[in-house]
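In what follows, a single structure is set out as structure tokens and then discussed.
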Amino acid sequence: MSEYKPKLVCFSCKFSWGYLTDEETISSTTENWVPVICTGKIDATHMLDAFRSGADGVLILGCPEGDCHYQDGNYEAKKRVHLIRRLLESVGIEGERIRIELSLDPEGTRIPDLVEEMRNELARLGPPKSILAAEEAPQETARARGGK
Amino acid sequence: MTKPKVAICWLGGCGGCDEAVVDINEVLLRVAAAVDLVLWPVALDYKYESVKAMKKDEIVLSVVNGHVRNSEQQEIAELLREKSQLVLAFGACACLGGTPGLANLATKQDIFDWVYRDAPTVVNPNGHYPQAVSRVNGKELTLPELHGRVYALDDVIDVDYYLPGCPPPAYSIMYALSAVLENKLPPKGSTLAPHRALCDSCKRNQSKPDRMSIREIKRIHEVEADPDACFLTQGIICLGPATRDGCGEACMNINMPCRGCFGPVEGVEDGGAKFISTMASILDAESNEEVAGIIDQFIDPVGYLYRFSLPAAMLQKRRARNRVDTKEV
Ligand code: SF4
Ligand code: SF4
């Protein structure tokens, strides 16, 4: 299990993170990096979708407190993250698997570092252990196992 | 002209959905006169064997309620699918997994241990657990095998239409039946209920201030709720903003907040996630501590947000990962 390499999805706001560097450069160093126009656009659905798609953690990088280009998108995102945490915890997934950092980094040099830092934390936690019952049962159809 | 064949069947249901069909009262007599009921285990004595003997698509409509939790329910679902032109998922259990879907918060082993060993009323000194196959006096006895979790109907078979509710209200049942009999059905895959959210028709909506904000979360049994004011403005969790309209507001009318039995609004996959975004927007708190303080009052989030829909929730569908994918990165 020491080889376990966690998967992380990182959303970042284009107004404060990496706007002086072209996106390809950041993408080439940071896997599953999703630049967005405002963290307020990251709905709870997107956060859960990342986990459904196999992410072990989600990192959201937004504008500094009180400095959202669209007034309060970062504040909305922060509150969503708190709620998603509470939900994750209620199915046995550690809340710290979703994090939001509100700060400024025009060059985007900290993006890979923050991702790496969180990845290390996730590696320590190991794979998420949801209490939602496992799907395996000998007689179940392929359709049931694969979901919709 | 031969009458169209219709089947009504329960899988893992409580009987409430069958009762709801009976509750359409004398209309049921007209339906019974217009169709040939070929299966309705709760009310009539027909056999699965006679359904098995039918040709493919011989049944025009199968109305199926209840979730799928064991091999027998799955077998019946597959049989009805094969013999039916249309399958209607009837009620929250068939559409989304329903309240029994909350059993997915425990494993099959946990459930067996509790029911056959640990519950205080159990006396089982020899530790007998039900077996799918057992031998008695040289004979083989079989029981349906319990699946690892609860499934919604469309996890197991193709479903043509959905009628939500726990149970669906009488008028929506009549609407669905007449749409089929008169061939006025919307596109396959549709949910036979309004597209908008419950808030859009709720009388309490007018009581909402321009800017909603809540600073505490209360549970309905802890307060005396104002019967005219929006529950959310009172800090009581009401799933109306994220729940499909069409229930007839049975809960609202007895001063109970919406608990989401009609499932998510049109185009939304996960009603719980949608509600989280709504709720976040009305939480009136600045610092992390303040936000966390309010959210701590949100007791049992998974139970609240997915009371009727856990088997269909995004978190339930987490893709099983191959643990040996370390080489990938
Ligand atoms: S949807 Fe509600 S009424 Fe229908 S079977 Fe399920 S629990 Fe019972
Ligand atoms: S939140 Fe509930 S009480 Fe308020 S308007 Fe919507 S459905 Fe009605």
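The values are calculated or read from the model by the stated rules, or taken from the named source; none is laboratory data. All values reported here derive from a predicted model rather than from experimental measurement. Positions of Cβ are generated from backbone atoms using ideal geometry, with glycine treated the same way; all protein chains shown enter the neighbour counts. Heads up: the accessible areas ignore ligands, DNA and RNA and are worked out on the full protein's heavy atoms, side chains in. Shrake-Rupley method; radii C 1.70, N 1.55, O 1.52, S 1.80 Å.
Label positions at B:Arg219 and A:Glu117, each projected 7 Å from the Cα along the C-beta direction, are separated by 3.8 nm.
Which value at 222 nm does chain A reach when only helices count, each DSSP H run of 4 or more adding -39,500 (n - 2.57), with the total divided by all residues and rounded to the nearest 500 deg cm²/dmol?
Values: 5 runs with 55 residues, N = 148.
The helix contribution divided over chain A gives -11000 deg cm²/dmol.
Shape class for the protein assembly as shown: prolate, because the ratio a/c of the largest to smallest gyration tensor axis (alpha-carbon atoms, square roots of eigenvalues) is 1.5 or more and a/b beats b/c.
Quick one: angle between helix B:170-181 and the longest Cα principal axis of chain B, in degrees between 0 and 90, rounded to 10, please. The angle comes out near 50 degrees. Ordering B:Ser190, B:Met256, B:Ala176 by the projection of their Cα atoms onto the charge dipole of the range B:170-263, which places +1 on the Cβ of Lys and Arg and -1 on the Cβ of Asp and Glu, puts B:Ser190 at the extreme positive end. In this structure, the pairs whose alpha-carbon distance is over 18 Å, taken from B:Lys108/B:Lys274; B:Lys5/B:Lys188; B:Lys83/B:Lys184; B:Lys3/B:Lys83; B:Lys203/B:Lys274; A:Lys7/A:Lys129, are B:Lys108/B:Lys274; B:Lys5/B:Lys188; B:Lys83/B:Lys184; B:Lys203/B:Lys274.
For the range B:198-298, which whole percent of the accessible surface, found with a 1.4 angstrom probe, sits on carbon and sulfur atoms? Don't jump to the answer; show the numbers that get you there.
Details: 2160 of 4610 Å².
Answer for the range B:198-298 is 47 percent, counting heavy atoms of protein chains only.
Annotation for B:Arg117 and A:Ile131: the two label points, set 7 Å from Cα along the Cα-Cβ direction, are 1.8 nm apart. Surface composition of the range A:8-144: carbon and sulfur make up 49 percent of the accessible area, probe 1.4 Å. First select every other residue whose beta carbon is under 13 angstrom from the beta carbon of A:Cys63; then total the charges, Lys and Arg +1, Asp and Glu -1. Neighbour charge sum, excluding A:Cys63 itself: -3.
Are there any residues in the range B:266-280 with a reduction of at least 50 Å² in accessible surface when going from the isolated chain to the assembly of protein chains? Probe 1.4 Å, please list them by number. Checking the loss per residue gives B:Ile276, B:Ser277, B:Ala280. The accessible-area loss of the range A:29-58 on complex formation, taken against its chain alone with a 1.4 Å probe, reaches 50 Å² or more at A:Thr45, A:Leu48, A:Arg52. Sparsely packed loop sites in the range B:196-248 (the trypsin sites (Lys or Arg not before Pro) outside DSSP H, G, I, E and B with at most 15 other Cβ atoms within 10 Å) comprise B:Arg196, B:Arg211, B:Arg215, B:Arg219. Once both labels are positioned 7 Å from their Cα atoms along Cα-to-Cβ, the gap between B:Ser201 and A:Lys41 label points is 3.5 nm. When peptides A:49-56, B:158-165 are sorted by average Cβ neighbour count within 10 Å, with the highest value leading, the order is B:158-165, A:49-56. Taken as Cα centroids, the range B:265-281 and the range A:25-42 sit 23 Å apart, rounded to the nearest whole angstrom. Of all aspartates and glutamates in the structure, the ones whose alpha carbon falls short of 14 Å from that of B:Lys208, not counting any fewer than 8 places away in one chain, are B:Asp200, B:Asp226, B:Asp228. Surface burial for A against B, with a 1.4 Å probe and both sides summed, reaches about 4800 Å² of accessible area. Oblate is the label for chain B, because a/c, from the alpha-carbon gyration tensor with a ≥ b ≥ c as root eigenvalues, is 1.5 or above and a/b does not exceed b/c. Specify the angular offset, from 0 to 90 degrees and rounded to the nearest 10, of the alpha carbon long axis of helix A:110-125 from the longest principal axis of the alpha carbons in chain A. Roughly 30 degrees, rounded to the nearest 10.
Rounded to the nearest 0.05, what FRET efficiency do B:Lys208 and A:Tyr19 give with R0 = 30 Å and r taken as the Cβ-Cβ distance? Could you check? Could the numbers behind the result be given before it?
Numbers: r = 38 Å, r/R0 = 1.27.
Calculated transfer efficiency: 0.20.
Going from the chain on its own to the full set of protein chains, the range B:79-122 has these residues losing 50 Å² or more of accessible surface (heavy atoms, 1.4 Å probe, no ligands, DNA or RNA): B:Leu105.
So what is the accessible area of chain B per residue, in Å², with the probe set to 1.4 Å? List each step's numbers first, then the result.
Working: 15970 Å² over 329 residues.
Result: 49 Å² per residue.
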